[in-house]
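One structure is given below, encoded as structure tokens.
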Amino acid sequence: MQDTERKPIKLNGKPAEFTAKDFTATNFATAKDKAKWTNKCTKFILGGFQHSAFKKEIYKQLHHMFGHCAEYNIDGFYHTWFEDTYKCLHWVETVTTTWLAGIGQPQFTWSDVEIKLVQWIRDNNIHDQIAGYLQAETEQKERATLKVLQDRYGVVPIANAAETGELKADPIPVQIEIPAPVPELGQLRLF
């Protein structure tokens with residue numbers, strides 16, 4: 001894992017301002033604790049999921065939510081879910097679509113926090129913002145790769161080649177042979 005942080009992304013949105021009245025206390029956490037944690041988590045998200053902002057306090061609760069497992073430790077969790085923009089997008093998609101979010105009674109679980117956090121993510125359009133960053137990063141990487149290849153091989157882009165007449169070869173049709181189905185042997189024939 002790298003010690004340097006990835007290029008930061010800044011997401012637009014309003015940090016949550018949840019209070020104790022928004023949550024139900026459990027035997028191990030007050031409603032105020034739940035509100036405080038949720039507000040910190042939204043700031044972590046809006047800050048672009050930066051490693052320096054992924055504090056133990058956020059990890060200790062988050063790895064118990066949304067069907068997550070510990071991913072071994074705080075660094076393993078961060079590496080699995082937040083190390084790059086693609087992983088951040090995958091995390092947002094996972095927590096907003098999992099059937100596990102909100103399961104359980106809030107007096108025993110943090111299901112109420114999961115529901116509020118998912119709603120906050122949707123209200124602030126976090127998914128689409130991260131998807132936009134990922135698309136821009138992908139295009140930038142692909143353009144850099146294209147430039148390297150063009151510099152190395154002197155390749156003219158196909159669109160320009162067609163306009164300049166440099167694209168002379170007709171496409172060669174390729175015949176694809178589809179094999180005949182093989183009858184299943186043994187018990188599989190019964191089905």
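If you scan the range 80-109, which residues turn out to be part of a loop (DSSP other than H, G, I, E, B) and either surrounded by 18 or more Cβ atoms within 10 Å (Cβ to Cβ) or not β-branched (Val, Ile, Thr) (or both)?
Phe82, Glu83, Asp84, Trp99, Leu100, Ala101, Gly102, Gly104, Gln105, Pro106, Gln107, Phe108, listed by residue number.
Give the residues of the range 27-58 that are among the hydroxyl-bearing types (Ser, Thr, Tyr) and crowded, with 18+ Cβ neighbours inside 10 Å, sorted by residue number. If you could, list the steps in order and put the result at the bottom.
Going residue by residue through the range 27-58, those that are among the hydroxyl-bearing types (Ser, Thr, Tyr) are 30, 38, 42, 52.
Passing the criteria: Thr38, Thr42.
When you check Thr138 against the structure, is it hydroxyl-bearing (Ser, Thr, Tyr), within 30 Å of Ala31 (Cβ to Cβ) and surrounded by fewer than 18 Cβ atoms within 10 Å (Cβ to Cβ), yes or no? So that I can check it myself, show each step before the final result.
Numbers: hydroxyl-bearing (Ser, Thr, Tyr): yes; within 30 Å of Ala31 (Cβ to Cβ): no; surrounded by fewer than 18 Cβ atoms within 10 Å (Cβ to Cβ): yes.
Here the answer is no, as Thr138 does not meet what is asked.
Return yes when Ile9 is surrounded by 17 or more Cβ atoms within 10 Å (Cβ to Cβ), farther than 22 Å from Gly104 by Cβ and touching a Ser or Thr at 6+ places or on another chain (Cβ under 8 Å) and no when it is not.
When the stated conditions are applied, Ile9 passes them.
Conditions tested, residue by residue: (1) of a type in the set (A, V, I, L, M); (2) within 20 Å of Thr26 (Cβ to Cβ).
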position: Ile74; (1), (2): yes, no
position: Glu83; (1), (2): no, no
position: Glu93; (1), (2): no, no
position: Thr109; (1), (2): no, yes
position: Val118; (1), (2): yes, yes
position: Ile121; (1), (2): yes, no
position: Asp128; (1), (2): no, no
position: Arg143; (1), (2): no, no
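Mind checking whether some residue in the range 69-77 is surrounded by 17 or more Cβ atoms within 10 Å (Cβ to Cβ) and touching a residue at least 24 places away in the same chain (Cβ under 8 Å)? Reasoning before the result, please.
Going through the range 69-77, the residues surrounded by 17 or more Cβ atoms within 10 Å (Cβ to Cβ) turn out to be 74, 77.
If we keep only those that are touching a residue at least 24 places away in the same chain (Cβ under 8 Å) too, we end up with none.
Scanning the range 69-77 turns up no residue that is surrounded by 17 or more Cβ atoms within 10 Å (Cβ to Cβ) and touching a residue at least 24 places away in the same chain (Cβ under 8 Å).
Okay, residues lined up against (1) farther than 22 Å from Trp81 by Cα; (2) modelled with pLDDT of 95 or more:
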position: Pro15; (1), (2): no, no
position: Thr24; (1), (2): yes, yes
position: Ala29; (1), (2): yes, yes
position: Trp37; (1), (2): no, yes
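Given the structure, is Lys43 farther than 25 Å from Gln129 by Cβ and part of a helix (DSSP H, G or I)? Give the derivation first.
Details: farther than 25 Å from Gln129 by Cβ: no; part of a helix (DSSP H, G or I): yes.
No; evaluated as a whole, the condition is false for this residue.
Between a residue in the range 17-36 that is more than 14 Å from Gln105 (Cβ to Cβ) and any residue that is in a helix (DSSP H, G or I) and of a type in the set (Lys, Arg), which pairs come within a Cβ distance under 7 Å, given they are 6 or more apart or on different chains?
Between residues of the range 17-36 that are more than 14 Å from Gln105 (Cβ to Cβ) and residues that are in a helix (DSSP H, G or I) and of a type in the set (Lys, Arg), the close pairs are Phe18/Lys116; Ala20/Lys32; Asp22/Lys116.
Show the residue pairs that are 6+ apart or on different chains and have beta-carbon atoms under 8 Å apart, the first residue being within the range 118-136 and more than 16 Å from Thr94 (Cα to Cα) and outside any helix (DSSP H, G or I), the second being modelled with pLDDT under 95 and among the polar types (S, T, N, Q).
Short answer, once both residue conditions are applied: Asn124/Asn12.
The values are calculated or read from the model by the stated rules, or taken from the named source; none is laboratory data. From a predicted model like this one, the values you see are computed outputs, not experimental measurements. Heads up, the Cβs are rebuilt from the backbone with ideal geometry, glycines too, and the neighbour counts pull from every protein chain shown.
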